[in-house]
Amino acid sequence: MKQEGKRLIWDEYQKEIADDNYFYVRSCVRQNFFPGAEKTFLRYMKEMGRNVFENPSHTTCSGIGYHSDIVPFETAMTMVARQFALMTEAGYENFVTSCITSFGLYSEVLETWLHFPEVEEKTRVHLRNATGREFVKPKNLAHASDVTYKLRTEISDAGKYRLINQTTGAPIRVVEHIGCHYSRMFPSKGIGGAEYPYVLVGMIEEWGGEVIDYPERRHCCGFGFRQYLVKANRGYSVSASKKKFDSMRPYKPELILTNCPGCPMFLDRWQYTISEMDGTTYGENGQGIPVMTYEELAGLILGYDPWDLGLQVHQVPVESLLDKMGIPYDPEKKFLDKDGNFIGKPKSPSFLKFY
Amino acid sequence: MGNSVIIIGGGISGMTAAGILVQQGLDVTLLEKENETGGHLARWDRLFPDRRKASEVLDFVKAGLNQVKIVTGVTVTGISKHDYDFTITTRIQHPASSIHSQFSASALLLATGFDLFEARKKEEYGYGIYNNVITSADLEDQFKSGKGILTREGKIPGRIGLVHCVGSRDEKVGNLYCSKVCCVTGVKQAIELKEMYPASEVFNFYMDLRMFDRHFEELYYEAQQKWGVSFIRGRLSECAENPDGSIILKTEDTLTGKPLKMTVDLLILLTGFVPAIGTSAICGMLGLKSGTDGFVNSADSHTSNNSSGVPGVFLAGALKGPISIGEAIADARAAAVQLAGYIKSTTAYND
Amino acid sequence: MIKFNLFVLPFSLGLIYIVYSIIIHYYRWIKALPAVDKVKLATGIRTPSKVTASLKEIFLEGLIHRKLWKRNPLLGYMHMSFALGWFLLIVVGNLESRIYHGAYINAPYYPIFLKFFIHDRLVLFFEIFTVPAFFRFIMDFLLLFVLSGLTLALIKRKQSKWFGMKQTTQHSLFDRVALSCLWMIFPMRLLAESYTAGYFGGGGGFLTQNLGNLLIAVTPGPAEIIAYFFWWSYSLVLGLFFIMMPYSRYMHIPSELLLIVFRHCGIQSKKWGSSFSDLEAHSCSRCGVCIDACQLDFAAGIRNIQAVYLIRGQRDQYITEYIAMTCMICGRCQEACPVGIKADSLRLIKRREIGSGQVSDFSYITSTHPGFADVVYFAGCMSHLTPSIHIAMEGIFKKAGVNYLFMDQDGSICCGRPLMLAGKDKQANELIEFNKTLIRQTRAKLLVTSCPICYKVFREEYNLPIRIQHHSQYLLELVKEGKIALQSQHRKVVYHDPCDLGRGGNVYEAPRELLGKISDLVATEKNCADALCCGGSLGLMNTSIQKKDEVTRNALQSLLKNEPDILVTACPLCKKTFSKHSQTEVRDIAELVHDAIPGRNILSTRAILETETVTS
Amino acid sequence: MIDFGYTLTKDRQFDYDHGDFRFLRLVRSIEPSLDVCIGCGSCTATCSASQFTNFNIRKLHTVIRRGDPESIKAELKKCMFCGKCQLVCPRGVNLRNLILAMNRAIEQLG
């Protein structure tokens, strides 16, 4: 593997990311999957002195329905237009999405409007008729991982921990997994393009880890919308994840880092499911491979308490990684809520070793 | 008005035309941007379909160049035309300084040729990233070196893949056209690899096999029948590197309608033709038009394929599109004959 | 008094062994016959006419070698001199020993080595007209006869071309040892008798006496011991020959005798390996005539699969799949075989062993009622690749006003023969039953096919209660019945006999008669039973297209020697195969007939199609 | 093991690196001409069995070459052996013998 070759490509795919004043839109599902992630993003943005604005009237972008073939594109465009109107009304012009599918949908809508201005006009009419709102298109569209990528050095500088095994001094081996809708549709909209996206690689390198490039890195996490949402198809979803795990296993990854709502969900939960289906586990000593969002990882680097990050709701326990990085944690507090009440503890799986 | 001719481009077409034109008694100057003449042919080891040495063809063409003034290492920076006379300014590429000089001529022959497609642009094939992905031109370099073909790890490749249409017939890199000669090159190189390593498996991944000229189809048959080269109809979609440096390919075997995954020790990308980088600048100086594919249009592709449309400016070779060595030689000869006729008629007219 | 000498022992032991061996073989062959055949044999050998016929054939083929004579007189003479000469030496020798010496009962070796025991001098002028002198003359003459054959055999080994044979059999070790013994027998006898006659100054005839006198004169040393040495040698090679015989090709001599009897009793070859096929295999003399008949040999250079090698494999209980599968089943070798061995049947037996285990599943075949007609027409799979044939046939049917039904108009279920040629008879039966049902449903009285491959299997395997004709026969009948009138086009044509129609179906005359009416038929080198295969045979399983092409080109060269305007055949496969290589137009006989119908003088398929559109 | 109501599915793709090439080796040793196939499909187009079923002789020997011979076992039984495929093959592939060879492979290798 020649890194120079990749750098040449990364150089070609640089994108502009606004410096400050972001209009932030949350994901529909992430707060359920990884409840600490978005909160952590807002926390470190604030600590880095950035202005991030949220509007509680923000709704789903409808991307999940669009990609599940139940929301037509016209409807989706009108929904997107409404989010832009919220941004315009708030006086912002830098739009940042928490969700990769949202990011993909916003990119798709903006590209469509660029090539078909009459569609944009029609959407404006739809929005006006439905809500009476007007909008200005964002000046800058970024995904929250783009923004985090932009702040990676600041985070590193302010950080307490690094992606380095404190016992051996070796870098932690990290698999990075990019959501399909990040740059597959429009390679130029993603940092590093579609083939070798750099957005997470940049963070891992900056924070001291080692990136693993494995054959099935391009493969979908397994969510695939209808593959998961329709139960009859769910075998495909879990099989797709298995294909990735089988491919990465020889490289002995210690962490999977993601930037999409679905990917960490499925790469995390399916490790349990696969272990219950055929007994296979992919981490060291019968454990799983910890899976994290970039916000959670940034939070760990910055020294936030793991349980404040919501890491206790991960299916694959993250303690192995915390120990390697030398991050202290109190096992007693793992399953306590912010008021100190016990929130319940999951049953032990049959094969996947709990830490 | 005199009998001087400038040929821009010292590849096979330019040199062939130069040889014919000096035979006709014309005063020929050949300008070449590289430090050596020979163009892409100089890099090639053996030619399809009979696998004769490329150097033999090169020697044949060079033998006629004794009276040709050859200026290498120069780039054309300007062309102007006054009545029947052309003035060409050039810059000598030199690390320290750049020296400008001027040439004048009564007629111009453009033989600026082509560039090989930059394989890096097919990012998913990993050229420049994976150690064991090389291009057909790299392979020719290795053939020429005579050292044998080994993987980066120094092993004999047990399984080799050749990917056709890299940079050709591909909207995703902006090239809709077929580069024509890669198919037969792929077959030729597959045979050469099998000859070198009979125990290795060689696979060609193709979309169509366009065996357009005489003996090509027979070569394809020979590759299958005598050498046991396998052909899989399906374009390579992507590849990745295994821990041991081997390359894992993903393609569809379209003949069974199933995806196929295969590990190869060495992957060869058959890169196609793209218009030479300098050609468009020269076209701009002369007001010549190119097609949407970037190759130069002749006045009429059937009846005046060596005329540029600008009096006194003629076209030869691969600047008009993908072409084989034999065709390039024939085309260059045709251009030379037409150019010589032009000089004679205009000289007579002016005298 | 019994005369005896130690040297007679090798011969005697050998003789005992061979007689024992033959009895055992005969016993096994007869015992292994199915009950039906045993009855046939028992009845046959009690029927004087069958016995006479058997004896006649044994004499004509076993001793005279009539078929070989017909094929090549030199070869015929060679074999006759050995067989008849040796036979007569034994018969006359026995008479001599009994009549001349009055020893009516003597040991078996006695006549063979008579000259060792009896060597009295006969006085010239007086005794040459006596009985002993007569015998001596005859015996010497017969010895000379055999030796002349031996000389030819030696020449043949070196120069087989002189015998009209391009190839000679590559023999096994046993065969070569036995052959060497056989060739030694008569020279040894000559030398032994000659030395003895020379030493004693009597006892020999015109050959042995004179040669003996000469040998004594020119060779130094004790003549008695030399003579004795040759007697030993003579006995040894005879004994060794007899011992080798059951293991060598010479077992064909006793085997063929029984085979002839079997055949005259009506015993036939079976679909599976049987006593009969084993006997056939043992009856092969490995003369190699089949090698020369084989186109794969002389046209394609494949020299190791011919009938002789197949049969040798059969005898050794070891036939390779390669040999079994590499054959066009064209039938030329069995036409040529002097012993009449059905090599194609033997080969198919082996193919059945190979192919029977492979499973087929034709459950997907379904049919609808084909409708009713007087004549059911089955073009055959191959005719669908040469559509001008079935287009011509339909045109003729319509012109003749026949109420016909084109059974396989929309493609067909195969007739089954291609499967059978691959040894899959069981699987073929499924297709046969399917087609039979369809044919029966039409209530037709006649089945006409354009494909000789189908024709053969329809006749041999279908057991249909209706007439079956190849279209060449049918068209001739239409002409004779006046249903169609033909006008000769006077084009110079040659006719190629398709294997399955000619040798396979015995249809030689109908196409020729038909062609005589519509064209100027000219002769070809090899006709009828001797006709060449086109090379496209479905019988040939595993040979490359290049080799098949060589067969085709070779056959074409022979067929087109007289430069005809058209090469006519009566098989879609032959037509397709020849068309690939022929510069001369290749057509099916049906097309020619179609064009010869006045007012329908149309040569192109397209024109035919247009006409059909207009008329229909 | 828990029953989730769905299971892991087998990959549909040819995994060439783990293919079963015993069939190919045996078939090729009997009938090497399969290597010159150019996938034109004329064999299947003329095939009688292909008119009635999804029998596809071209595909059958292609999957053998890809190391996935499983599917030929049921399919091969449909061949009527008439030989039209061989007659139309532009490359001279000896298809009838190829079928015999495949049958042999099924017999010997199961």
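Just so it is clear, none of the values below were taken in a lab; they were calculated from the coordinates. In this text the structure is predicted, and so the values were computed from the model without any measurement. When we count neighbours, we look across all protein chains shown, and the Cβ atoms used for this are built from the backbone with ideal geometry, even at glycine.
Quick notes on this one:
- By the Cβ rule of 4.7 Å, chain A holds the following cysteines without a possible disulfide partner: A:Cys28, A:Cys61, A:Cys99, A:Cys180, A:Cys220.
- Sequence-distant residues sharing a close amide H with B:Thr77 (under 5 Å, placed H): B:Thr89, B:Thr90, B:Arg91
- Inter-site label distance for D:Met1 and B:Asp141 at 7 Å from Cα along Cβ, in nm: 5.4 nm
- Förster radius 35 Å - calculated FRET efficiency between C:Lys426 and D:Ser71, Cβ distance, rounded to 0.05: 0.90
- 5 angstrom amide H check on B:Ile70, placed H, neighbours 5+ away: B:Leu30
- The aspartates and glutamates within cross-link reach of C:Lys436, meaning a Cα-to-Cα straight distance under 20 Å and a gap of 8 or more places when in the same chain, are C:Asp361, C:Asp374, C:Asp408, C:Asp410, C:Asp425, C:Glu460, C:Glu461.
- Rounded, prolate or oblate (a/c below 1.5 giving rounded, otherwise prolate when a/b exceeds b/c) for the stretch A:160-333 by Cα gyration tensor: oblate
- Proximal lysines to C:Lys115, defined as alpha-carbon separation beneath 30 angstrom and excluding residues fewer than eight positions away on the same chain: C:Lys3
- Taking a ≥ b ≥ c as the square roots of the eigenvalues of the alpha-carbon gyration tensor, the stretch B:169-261 is classed oblate because a/c is 1.5 or more while a/b is no larger than b/c.
- Once the Cα atoms are used to define both axes, helix C:343-355 deviates from the longest principal axis of chain C by about 70 degrees.
- Shielding value for A:1-13 is 4, the average number of Cβ atoms from other chains within 10 Å of each residue's Cβ.
- Distance between modelled label sites at B:Ser280 and B:Val71, nm, 7 Å Cα→Cβ extension: 2.6 nm
- With R₀ fixed at 60 Å, the C-beta to C-beta distance from A:Phe53 to D:Arg12 puts the FRET efficiency at about 0.80.
- The string of couplings for the stretch B:294-306 from the Karplus curve (6.51, -1.76, 1.60, θ = phi - 60°) is x, 7, 6, 8, 8, 4, 7, 5, 9, 9, 9, 7, 10 Hz, one whole number per residue in order, with x for Gly and Pro.
- Each Lys and Arg adds +1 at its Cβ and each Asp and Glu adds -1 at its Cβ; summed about the Cα centre, chain B shows a dipole of about 80 debye.
- The stretch between A:Phe73 and A:Arg128, if pulled fully straight at 0.36 nm per residue, gains 18.1 nm over its current Cα-Cα span.
- Other protein chain C-beta atoms within 10 Å of residue C-beta, averaged over D:82-89: 6.
- Less than 5 angstrom separates the built amide H of B:Arg46 from those of B:Ala54, all sequence-distant by 5 or more or on a different chain.
- The packing ranking of peptides C:483-492, C:182-191, highest mean first, is C:182-191, C:483-492, where packing means the average number of other beta carbon atoms within 10 angstrom of each residue.
- Three-way shape call for the protein assembly as shown based on the alpha-carbon gyration tensor, with the a/c threshold at 1.5: prolate
- Violating pairs (Cα-Cα greater than 32 angstrom) within the set C:Lys575/D:Lys77; B:Lys33/B:Lys144; B:Lys33/B:Lys250; A:Lys189/A:Lys333; B:Lys62/B:Lys122; C:Lys158/C:Lys350: B:Lys33/B:Lys250; A:Lys189/A:Lys333; B:Lys62/B:Lys122; C:Lys158/C:Lys350
- Lone cysteines, chain C (no partner Cβ under 4.7 Å): C:Cys181, C:Cys265, C:Cys284, C:Cys287, C:Cys294, C:Cys327, C:Cys337, C:Cys528
- Charge dipole of the stretch C:192-291 about the Cα centre (unit charges at C-beta), most positive-ward option of C:Ala197, C:Ile253, C:His282: C:His282
- Restriction of the GluC sites (Glu not before Pro) in the stretch B:1-53 to DSSP coil positions whose beta-carbon has at most 16 other beta-carbons within 10 angstrom yields B:Glu34, B:Glu36.
- By the helix-only formula, in which each DSSP H run with n ≥ 4 contributes -39500 (n - 2.57) and the sum is divided by residues, chain C has a 222 nm mean residue ellipticity of -17000 deg cm²/dmol.
- Highest-first packing order for the peptide set A:233-240, C:405-412 is A:233-240, C:405-412, based on the mean count of other beta carbon atoms within 10 Å.
- Per-pair calculated FRET efficiency, R0 = 56 Å: C:Asp361 and B:Lys155 via Cβ, rounded to 0.05: 0.75
- Restraint check, C:Lys271/C:Lys492; A:Lys139/B:Lys121; C:Lys398/D:Lys84; C:Lys50/C:Lys480; A:Lys244/B:Lys194; C:Lys161/C:Lys517, Cα-Cα greater than 32 Å: C:Lys271/C:Lys492; C:Lys50/C:Lys480; A:Lys244/B:Lys194; C:Lys161/C:Lys517
- Per-residue ellipticity at 222 nm, computed for chain A from helices alone with -39500 (n - 2.57) per DSSP H run of at least four residues, works out to -13000 deg cm²/dmol.
- The mean number of partner chain beta-carbon atoms within 10 angstrom of a residue's beta-carbon across peptide B:259-266 is 5.
- Ordering of C:210-217, B:321-328, A:68-75 by burial proxy (mean other Cβ atoms within 10 Å per residue, highest first): B:321-328, C:210-217, A:68-75
- Cα convex hull volume per residue for chain C (Å³): 191 Å³
- Karplus-based coupling profile of the stretch A:82-92, in residue order and whole Hz: 5, 5, 5, 5, 4, 5, 4, 5, 7, x, 10, with θ = phi - 60° in 6.51 cos²θ - 1.76 cosθ + 1.60 and x standing for Gly or Pro.
- Of all DSSP bridge pairs formed entirely within chain B, close to 50 percent run antiparallel.
- Cross-link reach is defined here as a Cα-Cα straight distance under 18 Å, omitting same-chain residues fewer than 8 places apart; for A:Lys160 the lysines meeting it are A:Lys46, A:Lys324.
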